[in-house]
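All remarks here apply to the structure that follows.
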Amino acid sequence: MLFGGVYAVVVGIGMLAQWGFSLATGRVPELRTEPLAIGFHLMAEVATATVLIVAGAALLTGATWATGVFLAGTGMLIYTVVNSAGYFAQRRQWPMVVVFALLLALAFVSLALVL
């Protein structure tokens with residue numbers, strides 16, 4: 001449970017930090033070109049991050065309901081990681097695709113360890 005809990009909390013916080021930094025520095029051009037699409041995408045990312053943080057904290061504290069929330073959060077994460085990898089692959093930003101591939105692999109490792 002330790003790896004899954006730490007992974008979920010770190011990834012959730014990282015997601016919020018990455019989006020905060022990108023928004024604060026004006027690195028989200030879709031706010032001008034596709035405001036509705038990016039708005040919905042941001043809501044999904046914030047929801048994913050929130051569920052991951054809650055699930056990770058619950059796993060680390062031994063809450064009885066932690067596994068179910070962790071499974072939901074990790075499922076959300078798998079979707080967003082694959083979607084994000086596609087975004088960066090379309091722009092030929094291969095190092096970012098590798099980062100998302102690693103996050104995906106670690107998500108499966110954490111699932112295996114928690115289950």
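Bear in mind that the values in this text are calculations on the coordinates, not laboratory data. Values in this document were obtained by computation on a predicted structure and should not be read as measured data. Virtual Cβ from ideal backbone geometry, glycine too; neighbours counted across all protein chains shown.
Numbers at a glance
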{"item": "Chymotrypsin sites (Phe, Trp or Tyr not before Pro) within the range 12-80: DSSP coil, no more than 12 neighbouring Cβ in 10 Å", "result": "65"}
{"item": "Rounded tilt (10° steps) of 2-24 against the dominant C-alpha axis of the chain", "result": "20"}
{"item": "0 to 90° range, to nearest 10: angle between helix 66-90 axis and the chain longest Cα axis", "result": "30"}
{"item": "0 to 90° range, to nearest 10: angle between helix 35-61 axis and the chain longest Cα axis", "result": "20"}
{"item": "Residues with amide H under 5 Å from that of residue 34, placed H, sequence gap 5 or more", "result": "none"}
{"item": "GNM flexibility winner over the chain from 64, 80, 48 (Cα, springs under 10 Å)", "result": "64"}
{"item": "Average Cα contact separation per residue, the chain, under 8 Å, 6 or more apart, as relative contact order %", "result": "33"}
{"item": "Option label - mean projected area of the Cα convex hull in nm² computed here, alternatives (i) 6.9; (ii) 6.5; (iii) 7.4", "result": "(i)"}
